[in-house]
Amino acid sequence: MPHHPDRLLPLQGASNFRDLGGYRSADGRSVRWRRLFRSDHLAGLSAQDVAQLQALGLSRSFDLRGQRERAAQAYALPGVRVQPLPIEPTVVQGLQALRERGEALTAAHTAQLMRETYRAFVTDNSQRFAELFAHLLADDAPAVVHCTAGKDRTGFAVALLLRALDVPHETVMQDYLLTNRHYRMPTAYADSAPPEVLRVLWQVQEDFLHAAFAAVERDYGSLDAYFARALALTPTACARLAQMYLQAPDDTSKK
C-alpha cells in the first residue's frame, strides 16, 4: 500500500515527510501508523507544520546529515529530541572533483557516484545505523528519520528498518521510490548542473539501493548476518523490534 492516503504528510516546509505505517510484514502484521516517519530536512517548517507534528506526538528526530549540513540548516522543534547520527555526504564532493579535473558532468558519472555512496553506507557507516536501531529498540515513541533530501541516507536506513521488520523487499523498494513522486528539489540548485545530472542527483533509482544490498551480501554473506554482526540486530532484537512497531491486521488500537 505505498500510495495510501495517510502516507504523505502535506507539510509546507518539507515535501518528503512520510509515514511508514501500514506496510505488511511477511507474517501478516503491519507497521503501526503514526509511529515511524521518514523525511527530508526539517529546518524549513512553518508554524503550521510544527503544530501538525506536535499533534502527532512526534518526540524524536534522528538526523543523518553531516556536520556542515546541520550547521547550515539547524532546527529545533518543541518537545522533540534531536539525535545527530552524522553520515557525511560524498556525491557533491565527487562531482566537484570531476569538475576540478576538467571532466564534464554526466548522468553516468553521477549514477556511478551514487552507487559508490550507497556501497559506502555499508562499508563506512554501519555504526550509525547500529546506533539508530539501538535508539529505536530503547523507546517506541513517535520518531522521524531524516537527512537533507530524505532519499539516500534516509532511504537506506528505512530500507534496513523495514527489512528488519520482515517487510518484503518489493514493498521496501516501492517505499524507497516514493521519493521520486513527492520530493521537490530546492530551486536554488536548478542551475547548478546539467538537468540530466540533477535528475540523477535529486531522485532515486532502484540500482542505488541494490548497490547497498549487494555490498551487504559481498561483505557479510547475507542480510541476517549483516544485521547481527554490524547492527547488533540479533533474532531476539528483531523480534523485539517487531513487537514494538508491528500490529496484528485487526488491531486498530495502536494506530
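The values are calculated or read from the model by the stated rules, or taken from the named source; none is laboratory data. Everything numeric in this text was worked out from a predicted model, so none of it was measured. When we count neighbours, we look across all protein chains shown, and the Cβ atoms used for this are built from the backbone with ideal geometry, even at glycine. These area figures cover heavy atoms from the full protein model, side chains too; ligands, DNA and RNA do not enter into them. Shrake-Rupley method; radii C 1.70, N 1.55, O 1.52, S 1.80 Å.
Rounded, prolate or oblate: pick one for region 72-134, where a ≥ b ≥ c are the square roots of the eigenvalues of its C-alpha gyration tensor, a/c under 1.5 means rounded, and failing that, prolate if a/b is larger than b/c, else oblate. Cα axes put region 72-134 in the oblate bin. Here the label points at D139 and A108, each 7 Å from Cα along the C-beta direction, are separated by 5.0 nm in the simple model.
Largest first, the three principal axis extents of the alpha carbons in region 92-193 are 49, 29, 25 Å in whole numbers.
If both residues of a DSSP beta bridge must be in the chain, then about 35% of such bridges are antiparallel. The label point for E116 and the one for M1, both projected 7 Å from the Cα toward the Cβ, are 4.2 nm apart. Annotation: for a label point projected 7 angstrom from Cα along Cα→Cβ of Q127, residues of region 88-106 with backbone N closer than 18 Å are 88-90. Label sites at R101 and M185, each approximated as a point 7 angstrom past Cα along Cα to Cβ, lie 2.3 nm apart. Comparing A228, A43, A108 in a Gaussian network model of the chain, where Cα atoms under 10 Å apart are tied by springs, the biggest mean-square fluctuation is seen for A108. For the chain, a simple Cβ point-charge model (Lys and Arg +1, Asp and Glu -1, everything else neutral) yields a dipole of about 440 debye relative to the Cα centre. Rg over Rh for region 184-255 works out to 1.20, using Cα positions for both radii and the Kirkwood form for Rh.
Angle of helix 126-138 to the longest C-alpha principal axis of the chain, folded into 0 to 90 degrees and rounded to 10: 20°. Could you give the length gained by full extension between L8 and Q73, i.e. 0.36 nm per residue of separation minus their alpha carbon distance, to one decimal place? The span from L8 to Q73 would gain 21.2 nm if fully extended. For the chain, the Kirkwood radius over C-alpha pairs fed into Stokes-Einstein at 37 °C and 0.692 mPa s yields D = 176 µm² per second. For the chain, the longest principal axis of the alpha carbon atoms and the long axis of helix 47-56 meet at an angle near 40°.
Rg/Rh for region 200-240 stands at 1.13; both radii use Cα atoms, and Rh follows the Kirkwood definition.
If you sort Y189, Y183 by accessible surface, 1.4 Å probe, largest first, the order is Y189, Y183. With the gyration tensor restricted to C-alpha atoms of region 24-76, the semi-axes of the equivalent ellipsoid amount to 27, 16, 7 Å, longest first. In the context of the full set of protein chains, region 140-228 has a per residue accessible area of 39 Å² (1.4 Å probe). The portion of the accessible surface of region 106-237 made up by carbon and sulfur, rounded to a whole percent, is 51 (1.4 Å probe; DNA, RNA and ligands excluded). The calculated FRET efficiency for the pair Q93 and E170, based on their C-beta separation and a Förster distance of 30 Å, comes to about 0.35. Considering region 1-52 at the alpha-carbon level, its Rg and Dmax are found to be 12.5, 40 Å. Axis of helix 153-164 versus longest Cα principal axis of the chain: the two differ by about 30°, to the nearest ten degrees. Here the Gaussian network model covers the chain, with springs between Cα atoms less than 10 Å apart; of T110, T179, T187, T187 fluctuates the most.
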